[in-house]
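The values are calculated or read from the model by the stated rules, or taken from the named source; none is laboratory data. All of these numbers come straight from a predicted model, not from anything done at the bench. Every residue, glycine as well, gets a Cβ built from its backbone with ideal geometry; the counts of neighbours run over all protein chains shown.
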Amino acid sequence: MTYPKMWTSKILVMMVAACVMTVMVDSSQSVMTSMTKNFIKAYEACAKEYNLPESTGQELINFWKEGYTVTSREAGCAILCLSSKLDLLDPEGKLHHGNTVEFAKSHGSDDAMAHKVVEILHSCEKAAVPNEDMCLVALDVSMCFKKEIHSLNWAPDNELLFEELVGEMSKT
């Protein structure tokens, strides 16, 4: 079957665009996987600091599962603690834009993706329900972030992430 020259070039452009979009999504998922693995590494210290129950770790392991909602205050405390340990928060407990961009870039993000991550976190932070309990605010922000990352198809594959975490833990 032969196509007119005009159609051949349009089909080629569409195929290239589809390939580029697939690479971008795969790349973004890879970056989010790397960021998540590093984020979780400090969990043991936070679990001790906040005296977190074992169920909190399980909630965080399931965090990226589509349709899964993290609801416990303790998970919010863990996220707050982890964010603080990675210097992603300023002294007032708000998102530190520069450090967050650098954190994303250190995990393979390009400049555009790093700034998009900060933009999403910042808008989620602004949309969070005001609350004096910073653990609940962190939980609200993180669930908003998860929703937005899923909408971009950037969320890591939860099963693959779990396998990689277990693999890394067995090496130590």
(request) Please give the number of the condition residue 42 fails out of (1) surrounded by 15 or more Cβ atoms within 10 Å (Cβ to Cβ); (2) out of contact with any Lys or Arg (no Cβ under 6 Å at 6 or more places or on another chain). (result) (2)
(request) Write out, first by first residue and then by second, each pair whose Cβ atoms fall under 8 Å of each other, whose residues are 6+ apart or on separate chains, and whose first residue, in the stretch 22-33, is more than 12 Å from residue 105 (Cα to Cα) while the second is part of a helix (DSSP H, G or I) and modelled with pLDDT of 50 or more. (result) 33/160; 33/161; 33/164
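Applying the selection to the stretch 108-136, what residues are β-branched (Val, Ile, Thr) and over 21 Å from residue 74 (Cα atoms)?
117, 118, 120
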(message) Restricting to the stretch 107-128, and then to whatever is of a type in the set (Gly, Ala, Ser) and closer than 16 Å to residue 95 by Cα, can you tell me which residue is surrounded by the most Cβ atoms within 10 Å (Cβ to Cβ)?
(response) 114
(request) Could you tell me which residue of the stretch 101-130 is farthest from residue 153 (Cα to Cα), considering only residues that are among the polar types (S, T, N, Q) and modelled with pLDDT under 95? (result) 106
(request) Mind listing whichever residues of the stretch 78-94 are over 17 Å from residue 41 (Cβ atoms) and in contact (Cβ under 8 Å) with a residue 40 or more places away in the chain? (result) 93
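I'd like to verify a number: residues in the stretch 72-87 that are of a type outside the set (Lys, Arg) and surrounded by fewer than 19 Cβ atoms within 10 Å (Cβ to Cβ), how many?
Taking the stretch 72-87 as the starting set, the residues that turn out to be of a type outside the set (Lys, Arg) are 72, 74-84, 86-87.
The next check asks that each one be surrounded by fewer than 19 Cβ atoms within 10 Å (Cβ to Cβ); those that pass are 72, 84, 86-87.
Qualifying residue count for the region: 4.
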